[in-house]
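Asks: Handing you a structure now.
The values are calculated or read from the model by the stated rules, or taken from the named source; none is laboratory data. Owing to the predicted nature of the structure, the values given are computational and were not obtained by experimental measurement. Note: ideal-geometry Cβ built from the backbone for every residue, glycine included; neighbour counts use all protein chains shown.
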Amino acid sequence: MPATLFSQNIIACVWDFDKTLIPEYMQTPLFRRYGINEANFWAETNALLDRYKKRGCVISGEIAYLNHLLTYVLSGQMAGLNNRVLRECGAEIRFYPGMPDFFARSRAFTSEKPEYVKHDISLEHYVVSTGIAEMVRGSKAAPLVDGIWACGFIENPLQPGFLKQEEFGSSADAEIAQIGSIIDNTNKTRAIFEINKGTNKNPAIDVNSNILPEDRRIPLENIIYIADGPSDIPSFSVVKAGGGKAYAVYNPDSNPEFEQNDRLRQAGRIDHYGPADYTEGSPTFKWLRLQIHKMCDNIVAHREAAVASKVSRPPRHLSGEPQEKRPSPKQGAFFDESRK
């Protein structure tokens, strides 16, 4: 008997991190710990793109900042930086009002109506960031989300000849030395499709596999992507094209960010925008709750329509002449169709 892979009764909010959940860059506590001038670091990082291009080497902004962090470690200005330190700095990250409590509070949205509970609808939250994964994992948001995609570093890289000898144990003073994974604003869309197809829950499913819409774990129409600006246009576009919702947030104290989001909406890149304030009663809280309810209603309608179309009606007595007026065997009657 054919069966679908997933029941498709899950809704997902997919979140950018910097300037979406937090008012600054997540690396701020890291620079503060080592006494690094943050503005200077980012100025150098931005200049790297042009300098290397003149050398004939084109690199992405994400490669530039990750490599520059490694250069700071190598130079001794960030000596001892490892994944443990990154997690410790992540614990110092400041969030916008209402975060990260919103992650837990919003899960109750899918049980606010009896029909939502009947169909066991649930809400999941995912972070997809060009920032550093270990810092997100060290933050207060980590225990409240269902998955994290971000950049990572390798400590104690294996040396040439490692296949012929046992791996050395990690030392207590290990430092990050190589880039392990990169998330940029383009391959964020891959993470969205992993969530969509269920690759993150079932490793047997390859993200590049051709999976029918009805077999995907979370249809794109059940996904809301929340981010802060133009760099997330690829993700906004993928989710919107699939029938999901795209929402942009801005710092309430920044008029340029407000105007930027207004331009995105006028250009049709997003469905709506609001302040990065996730406290109950705020415009953003209300909008997200409304859209989650709409998605719940859509799930209920689809599932109940499927039941109605697949379950046949039970047999009933034929209508017509009352039973007591029909000839009975006791009267010796026999109804012959040929005598009509």
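Asks: Under the condition of being assigned to a helix (DSSP H, G or I) and touching a helix residue (DSSP H, G or I) at 6+ places or on another chain (Cβ under 7 Å), which residue from segment 83-101 is surrounded by the fewest Cβ atoms within 10 Å (Cβ to Cβ)?
Replies: Ranking the qualifying residues of segment 83-101, first place goes to Glu88.
Asks: Hey, could you check segment 204-222 for residues that are more than 17 Å from Asn187 (Cα to Cα), of a type outside the set (A, V, I, L, M) and modelled with pLDDT under 90 and say which is surrounded by the most Cβ atoms within 10 Å (Cβ to Cβ)?
Replies: Asp215
Asks: A follow-up question, please. How about segment 36-85: which of its residues are modelled with pLDDT of 95 or more and of a type in the set (Ser, Thr, Tyr)?
Replies: Thr45, Tyr65, Thr71, Tyr72, Ser75
Asks: Let me ask something additional. Run down Ala241, Ala267 and say which single residue is among the hydrophobic types (A, V, I, L, M, F, W, C) and touching a Leu at 6+ places or on another chain (Cβ under 9 Å).
Replies: When all the criteria are applied, what remains is Ala241.
Asks: Going by the structure shown, is Val128 in contact (Cβ under 8 Å) with a residue 60 or more places away in the chain and either within 27 Å of Ile10 (Cα to Cα) or of a type in the set (D, E, K, R) (or both)?
Replies: yes
Asks: So, one more: Mind listing just one residue for me: the one in segment 159-182 that is of a type in the set (A, V, I, L, M) and surrounded by 12 or more Cβ atoms within 10 Å (Cβ to Cβ) and, of those, modelled with the lowest pLDDT?
Replies: Filtering first and then ranking leaves Ala174.
Asks: For segment 50-77, give me each residue that is out of contact with any strand residue (DSSP E or B) (no Cβ under 9 Å at 6 or more places or on another chain) and within 16 Å of Ile154 (Cα to Cα).
Replies: His68, Thr71, Tyr72
Asks: Right, something else. Every residue in segment 120-147 that is part of a loop (DSSP other than H, G, I, E, B) and either among the aliphatic types (A, V, I, L, M) or touching a Ser or Thr at 6+ places or on another chain (Cβ under 9 Å) (or both), please.
Replies: Of everything in segment 120-147, those that are part of a loop (DSSP other than H, G, I, E, B) and either among the aliphatic types (A, V, I, L, M) or touching a Ser or Thr at 6+ places or on another chain (Cβ under 9 Å) (or both) turn out to be Asp120, Ile121, Ala141, Val145.
Asks: Tell me, yes or no, whether segment 145-156 has at least one residue that is more than 24 Å from the chain's Cα centre (by Cα) and without any contact (Cβ under 8 Å) to a residue 60 or more places away in the chain.
Replies: yes
Asks: Being touching a helix residue (DSSP H, G or I) at 6+ places or on another chain (Cβ under 8 Å), at pLDDT below 95 and among the basic types (Lys, Arg): is that true of Arg137 here?
Replies: For Arg137, the condition - touching a helix residue (DSSP H, G or I) at 6+ places or on another chain (Cβ under 8 Å), at pLDDT below 95 and among the basic types (Lys, Arg) - is not met.
Asks: I need a count of the residues in segment 206-222 that are without any contact (Cβ under 8 Å) to a residue 40 or more places away in the chain and either farther than 18 Å from Asp16 by Cα or assigned to a loop (DSSP other than H, G, I, E, B) (or both).
Replies: 7
Asks: Give me the pairs, please: first residue somewhere in segment 98-109 and touching a residue at least 12 places away in the same chain (Cβ under 8 Å), second residue anywhere and among the small types (Gly, Ala, Ser), beta-carbon distance under 8 Å, and either six or more positions apart or on two chains.
Replies: Gly98/Ser282; Met99/Ala141; Pro100/Ser139; Pro100/Ala141; Phe103/Ala141; Arg107/Ser122
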